[in-house]
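Structure, as structure tokens:
The values are calculated or read from the model by the stated rules, or taken from the named source; none is laboratory data. The structure displayed is predicted, hence computed values, not measured ones. Virtual Cβ from ideal backbone geometry, glycine too; neighbours counted across all protein chains shown. Ligands, DNA and RNA are excluded from the accessible area calculation, which covers all protein heavy atoms including side chains. Shrake-Rupley method; radii C 1.70, N 1.55, O 1.52, S 1.80 Å.
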Amino acid sequence: MIEAKKSRLFEKGFAIYLLPLLRRSFSYLLGRNVRKIPERPVIFIANHSSWWDGLLFFFLNHTVWKHDIHMMMHEKNLEKFKFFRYLGAFSIEKQNPKDIIRSLQYAETLLKEGKSVVLFPQGDEFHQEIRPLDFSNGIGYLVEKHPEVPVIPIAFYYSFRHKQKPEVWIDQGSSFSIEEIHGTSRKARTAFLQQAVTAQVDDLKKEAIAENASAFEDLLKKG
């Protein structure tokens, strides 16, 4: 397992680099209900269909949430993009059961220290239209170990409309407390959160297809 090696100085420099990169790459980042989160720590979960997802999390955190976030990332990708370590990324190797446990225990430690953790429970990147999202039970494990920590679901949907560049539709869902996550087992809680994020992404897709941007704001202007 590769641990994070977070650097505040690197974060500040990367934020300066990231905003123009996003503006060159996307026409809009359309956010709905993207707002500050007073609770600390939290567990963020999201669907995962693009390499951009992790960078969008860092952008949203830098401009809106301002949490001390750490992100679980597939080991092969973290080895390829080592700079993510300095932004708080740590690895998981899904093919190694012992490594999975080490990564989840590391996430537990981060939460105990008051740091927020980002999980992509699908584990890998999948096309955004694939259903079901098929979450692993890691999120159920962390909810069980840290019932006091709320879960914040984030949905991403990538789309082309009338501009040369694509746009990203982003929805920040309401937080789930342990009492609101149905089920008493890890598997049942994971299934509940999987269904919730699936519904969230599907609703976001409908808004994108209908071009209903009235409830969204362009988050690139916040940068």
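Residue check: I2 meets all listed conditions (1) touching an Asp or Glu at 6+ places or on another chain (Cβ under 9 Å); (2) without any contact (Cβ under 8 Å) to a residue 12 or more places away in the chain but one, namely (2).
Restricted to helices (runs of 4 or more DSSP H) entirely inside the range 1-110, those with at least 1 residues that are aromatic (F, W, Y), open to solvent by less than 30 Å² (accessible area, probe 1.4 Å) and at pLDDT 95 or above are 8-25, 52-60.
Report yes if some residue within the range 15-33 is under 22 Å from A155 (Cβ atoms), within 15 Å of the chain's Cα centre (by Cα) and of a type in the set (S, T, Y); otherwise report no. No, that holds for no residue.
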